[in-house]
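Participant: Below is a structure I'd like to ask you about.
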Amino acid sequence: MEARYEFFQLRYDVIGKRGFTGLQKCVAAIKLMAMGESSDSVDDYMRMSERTARESLYLLARGVVETFSDQYLRKPSLHDMQQLYAAHEERHGFSGKATDAPFTVNGNEYKFGYYLTDGIYPQYSTFVKAFRHLIDPRDKYLKRRQEGACKDVERAFGVLK
């Protein structure tokens, strides 16, 4: 970041007071992202102004996108998707893709996929929620696998966020 942006280089103000280093500004920005705090919360922690913290966050995010977008922030290729599906199936024991065949739930036939969800989602016909009261060991096993897959997806969205 220091090489790309002058903002991250160590500077001195008009009276000769030393400013923040690039590392300090990056740490402040990462703290804001990781903790989800507001820019003014860095004042207590590092004695950094809200404006400097906000600029650090903005320029760090911009720098990461400019530096790594070609390699890491690209759309996944068909090969990437196949690898993700294979890793998911290996870890959870069932495919990460919805079947192409139509299926029936509660007497209704659906042509499109369904989505495995938990209790926080609304009652839509394509949302299939986990069992609540389980007796059969097979149902318990399926629920554990379903919850594990949902957590992986939620983590992936958390990383993207």
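Participant: Can you name every residue in the range 139-161 that is open to solvent by 90 Å² or more (accessible area, probe 1.4 Å), assigned to a helix (DSSP H, G or I) and modelled with pLDDT under 75?
Facilitator: Those that are open to solvent by 90 Å² or more (accessible area, probe 1.4 Å), assigned to a helix (DSSP H, G or I) and modelled with pLDDT under 75: 157, 159, 160.
Participant: Sticking with this one: Of a type in the set (Gly, Ala, Ser), at pLDDT 75 or above, exposed (fewer than 12 other Cβ atoms within 10 Å of the Cβ) and in a loop (DSSP other than H, G, I, E, B) - does that describe any residue in the range 117-125?
Facilitator: no
Participant: Related question: I'd like the full set of residues that are in contact with a Ser or Thr (Cβ under 8 Å, 6 or more places away or on another chain) and either of a type in the set (Val, Ile, Thr) or open to solvent by 60 Å² or more (accessible area, probe 1.4 Å) (or both), limited to the range 10-28.
Facilitator: 10
A quick yes/no check of all residues on (1) aromatic (Phe, Trp, Tyr); (2) modelled with pLDDT under 90; (3) surrounded by fewer than 17 Cβ atoms within 10 Å (Cβ to Cβ):
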residue: 30; (1), (2), (3): no, yes, yes
residue: 36; (1), (2), (3): no, yes, yes
residue: 45; (1), (2), (3): yes, yes, yes
residue: 50; (1), (2), (3): no, yes, yes
residue: 54; (1), (2), (3): no, yes, no
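Participant: May I pose another question? Does residue 95 meet the test of being of a type in the set (S, T, N, Q) and farther than 23 Å from residue 150 by Cα?
Facilitator: When the stated conditions are applied, residue 95 does not pass them.
The values are calculated or read from the model by the stated rules, or taken from the named source; none is laboratory data. Since this is a predicted model, take the numbers as computed values, not measurements. FYI the Cβ positions are ideal-geometry reconstructions off the backbone, even for glycines, and counts take in every protein chain you see. Accessible surface is based on the protein model in full, side chains and every heavy atom, while ligands, DNA and RNA are left aside. Shrake-Rupley method; radii C 1.70, N 1.55, O 1.52, S 1.80 Å.
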